[in-house]
Amino acid sequence: MKKNVLKTILWSAVALLLLYLCFRNVDWKQFGQALGACRGGWVVLSMLAGLLANWIRGERWRMLLHPIDPSIRWIDTFNAYNISLAANIAVSHVSLLIRCGFVIRHSERDADGRRRLSMDKTLGTVLTDQACDSVGSLLVVAGILLFLRGRFGSFFAGLFSGIDLH
């Protein structure tokens, strides 16, 4: 119990230090004016869309983890995903390891007392998940370019006009 209290105090101090470093140069009057100019409905709608997107990503990742550890809960993958996004702001790509570590810590133990999820298995599912995101993004961009080819066609024709392909 004493160890948990010390860990909580330590991580709270780190969080406060990071918050101080992030907000030390903020002009709070200007921030308040900008916040007052926002349309609250759109802010709430964008927050809900972001939550939905993160829930879908967490659920997709849980589906990848399910054959390895069927006990993994959606809230664990959702929390891991959100924590990794926050960590990505501080240190890029370390967030993937944090994401893996979070779900490993919340995974079930097997008969030998070991966690069902391990770093190599979990990291493999994260990389698969990232590949799915990349393919999905490429398909969306390709679809936009296809449907709006009238607007983009002349741009691409101009790119290749000086190149002799023969």
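The values are calculated or read from the model by the stated rules, or taken from the named source; none is laboratory data. All values reported here derive from a predicted model rather than from experimental measurement. When we count neighbours, we look across all protein chains shown, and the Cβ atoms used for this are built from the backbone with ideal geometry, even at glycine. Just so you know, the surface numbers come from the protein's heavy atoms only, side chains and all, with ligands and any DNA or RNA stripped out. Shrake-Rupley method; radii C 1.70, N 1.55, O 1.52, S 1.80 Å.
In whole percent, and with a 1.4 Å probe on the protein chains, what portion of the accessible area of the chain is carbon and sulfur?
Numbers: 8730 of 12650 Å².
Carbon with sulfur: 69 percent of the solvent-accessible area.
Within the chain, which DSSP H helices have Cα atoms that stretch 27 Å or more along the helix axis and a mean Kyte-Doolittle hydropathy of at least 0.5? Let's see the in-between values first.
Values: long enough: 2-23 (31 Å, 1.34); 40-65 (37 Å, 0.67); 119-147 (41 Å, 1.11).
Membrane-span-like by this criterion, though nothing is claimed about a membrane: 2-23, 40-65, 119-147.
PHE78: net charge of surrounding residues, Cβ under 13 Å, Lys/Arg +1, Asp/Glu -1, itself excluded?
Working: positive: ARG57, ARG60, ARG62, ARG73, ARG99; negative: GLU59, ASP76.
Taking every other residue near PHE78 into account, the sum is +3.
Pick out which of ALA34, ALA90, ALA53 has the largest mean-square fluctuation in a Gaussian network model of the chain, springs linking Cα atoms closer than 10 Å.
ALA34
Taking a ≥ b ≥ c as the square roots of the eigenvalues of the Cα gyration tensor of region 25-112, is the shape rounded (a/c under 1.5), prolate (a/b larger than b/c) or oblate? Please list the in-between numbers first.
On the way: a/c = 3.89, a/b = 2.10, b/c = 1.85.
Since a/c reaches 1.5 and a/b is larger than b/c, the shape of region 25-112 is classed as prolate.
Which whole-number value in Å² is the accessible area per residue of region 1-49, probe 1.4 Å? Show your work: numbers first, answer last.
Values: 4780 Å² over 49 residues.
Counting only protein heavy atoms, the per-residue value for region 1-49 is 98 Å².
Run the numbers on region 11-166 and let me know its relative contact order in percent, using alpha-carbon pairs under 8 Å that are six or more apart.
Working: 90 pairs, mean separation 22.8, N = 156.
Result for region 11-166 is 15 percent.
Exposed loop trypsin sites (Lys or Arg not before Pro) only (DSSP loop, at most 10 other Cβ atoms within 10 Å): please give the longest stretch of the chain free of them, not including the sites.
On the way: sites that count: ARG24, ARG39, ARG114.
Result for the longest clean stretch: 40-113.
Quick one: among VAL14, VAL141, VAL126, which has the greatest mean-square fluctuation in a GNM of the chain with alpha-carbon springs under 10 angstrom?
Result: VAL14 has the largest fluctuation of those listed.
Using the Cα gyration tensor of region 1-71, with a ≥ b ≥ c the square roots of its eigenvalues, what is the shape: rounded (a/c below 1.5), prolate (a/b larger than b/c) or oblate (neither)? Mind showing how you got there, number by number?
Numbers: a/c = 3.77, a/b = 1.19, b/c = 3.16.
The shape class here is oblate.
Which label belongs to the value computed from this structure, given these candidates for log10 I(q)/I(0) by the Debye sum over Cα atoms at q = 0.08, 0.13, 0.16 Å⁻¹: (i) -0.43, -0.92, -1.11; (ii) -0.42, -0.82, -1.03; (iii) -0.21, -0.57, -0.87?
(i)
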